[in-house]
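Structure first, then comments.
The values are calculated or read from the model by the stated rules, or taken from the named source; none is laboratory data. Small disclaimer: the values here were computed from a predicted structure and weren't measured. Note: ideal-geometry Cβ built from the backbone for every residue, glycine included; neighbour counts use all protein chains shown.
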Amino acid sequence: MLTGFLEHLELVKNMSQGTIKMYAFYLLDFIAFVKEETGHEPLLEDISEEIVNKYRLNLNRRISGKSKLGYKRSTQKVYLVSLRSFLKWLSVDKGYNTISAEKIELGRAEAQVPKFLDNKELNELMLVQNPAKKSGLRDRAMLELLFSTGLRVSELVGLDKSDFTPAIFYRGEFTVIGKGRKPRTVYLSDRAKVALKAYLSVRNDEFEPLFVRYSGIDMAEGDATGESLRLTIRSVERLVKRYALKAGIREDVTPHTLRHSYATDLLAAGADLRSVQELLGHANVSTTQIYTHVTNRRLKEVYGKFHGKS
């Protein structure tokens, strides 16, 4: 059943392999829990309100091996969203009489305040690479591209050199395939263009990936396209953290922090929420609304005009 559901996500829902892997991870966790509770290989009839409630308690009481803290409500929610989707598929698509997906309450997640960098921090972050090295030019281009476009890190590492033709630089825009394999247009700033051109000028190889590594394990045997040299999501995350520390930024900076900074910068400059939603590739405007409380210029103007004037 699980295999059939994951194939459904790929073929019908058109989800990316990364998303499908996460669904598999969360659902295998639930299946392992049911197996431990029942003492046998889980059957569909084992999925009851009682077992789901026990699972919810288990998630709520778990301690993260990484942070040594309890799971956040937002983390618990993604486990339960996966389970609800699986149950809905079993009921609607396969016709099985299982517990209703609607009976699994998700609960209210903590209000999230997106972390973002101000202009001073962004400038400092972009200036700590070593332009005398290929890796320094690569990393400057990578950081400028993240902030210029608001790309997700998964979208960034999937880019190829062939994506950046002279016509792309002339127009200053290109199309990226985002979540749900939906295309969207993103735009290159002048700074991003300069950084990318500087990096590409030292790429004298014929490898396909836009961002390749210059250290680590050897290139895979028989890899004519250089795919084994493509930077991974984890590699980019490590690089961003390293440069943030080098720039003296105390916050925990990730590639997603640059995406938050991109959205915050747009809204603070007066961009409307719907436009920013499209630029970010959010399916729902409610996802984009997390930025509004830190960028609402009108509220600040009202405060300055009326507070303490009597």
> Got at least one residue in segment 208-226 being buried (at least 16 other Cβ atoms within 10 Å of the Cβ), in contact (Cβ under 8 Å) with a residue 60 or more places away in the chain and more than 19 Å from Asn130 (Cα to Cα)?
Replying inline: no
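Given the condition of a type in the set (S, T, N, Q), in contact with a strand residue (DSSP E or B) (Cβ under 6 Å, 6 or more places away or on another chain) and surrounded by 12 or more Cβ atoms within 10 Å (Cβ to Cβ), answer yes or no: does some residue in segment 169-181 qualify? Explain how you work it out, then say what you get.
Step one: list which residues in segment 169-181 are of a type in the set (S, T, N, Q), which gives 175.
Then keep just the ones that are in contact with a strand residue (DSSP E or B) (Cβ under 6 Å, 6 or more places away or on another chain); that gives 175.
Okay, now just the ones that are also surrounded by 12 or more Cβ atoms within 10 Å (Cβ to Cβ), so none.
Scanning segment 169-181, I find no residue that is of a type in the set (S, T, N, Q), in contact with a strand residue (DSSP E or B) (Cβ under 6 Å, 6 or more places away or on another chain) and surrounded by 12 or more Cβ atoms within 10 Å (Cβ to Cβ), so the answer is no.
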> Considering only residues of segment 1-45 that are over 16 Å from Leu59 (Cβ atoms) and among the β-branched types (Val, Ile, Thr), which is surrounded by the fewest Cβ atoms within 10 Å (Cβ to Cβ)?
Replying inline: Thr3
> Here are some residues: Tyr214, Tyr291, Tyr243. Which one is modelled with pLDDT of 85 or more and in a helix (DSSP H, G or I)?
Replying inline: Tyr243
>> Only one of Glu124, Glu45, Glu37, Glu50 is assigned by TED's automatic domain parsing to the domain that holds Ile249 and part of a helix (DSSP H, G or I). Can you tell me which?
In response: Glu124
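Do you know which residues across segment 248-278 are farther than 24 Å from Ser154 by Cα and either among the polar types (S, T, N, Q) or surrounded by 12 or more Cβ atoms within 10 Å (Cβ to Cβ) (or both)? Lay out the reasoning, then the answer.
We begin by selecting, within segment 248-278, every residue farther than 24 Å from Ser154 by Cα; these are 248, 250, 268-272.
Scanning segment 248-278 gives Ala268, Ala271.
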> Tally time: how many residues in segment 152-202 are acidic (Asp, Glu), assigned to a helix (DSSP H, G or I) and touching a residue at least 40 places away in the same chain (Cβ under 8 Å)?
Replying inline: 1
> From the list Thr225, Thr257, which residue is in contact with a Phe, Trp or Tyr (Cβ under 7 Å, 6 or more places away or on another chain) and in a loop (DSSP other than H, G, I, E, B)?
Replying inline: Thr225
